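Read-outs throughout are calculated quantities, based only on the coordinates presented, and are distinct from any laboratory measurement. Bear in mind the structure is a predicted one, so any value in this text is a computation, not a measurement. Note that we place each Cβ from the backbone using ideal geometry, even for glycine, and neighbour counts take in every protein chain shown.
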Amino acid sequence: MNDTPPDTVVVKILRSRVTSLGSQRAAAVALGISQSYLSDLLRGTRKAGPKILSILGLVRASRIVKVKEVIQ
């Protein structure tokens, strides 16, 4: 099971895009988002919204985790 926080995955993908395209500005243009929003995502000051998640081919999902045994 992968316990990596979802936004950490987003940041890794975005950093890869910035590196491959050479700058935040180029990555923001290619992704169709503002450079300031990209910067906020990379710094962790904003969470990824549905638009950028969709652009990256991701969705935010919840999961159910067992925290204790049920007494019957």
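Taking 7 Å steps out from each Cα toward its Cβ at SER34 and SER16 produces label points 2.8 nm apart. A Förster radius of 25 Å combined with the Cβ-Cβ distance from LEU42 to SER62 puts the calculated FRET efficiency at roughly 0.55.
Packing, as the average of other Cβ atoms within 10 Å across residues, places the peptides 61-67, 13-19 in the order 13-19, 61-67, highest first. Between GLU69 and SER23, the modelled label-to-label distance comes to 6.1 nm, taking each label 7 Å out from Cα in the direction of the beta carbon. Simple point charges give the picture: +1 on the Cβ of Lys and Arg, -1 on the Cβ of Asp and Glu, and for the chain a dipole about the Cα centre of about 80 debye. Per residue of the chain, the DSSP helices (runs of n ≥ 4 H) give a summed -39500 (n - 2.57) that works out to -16000 deg cm²/dmol at 222 nm.
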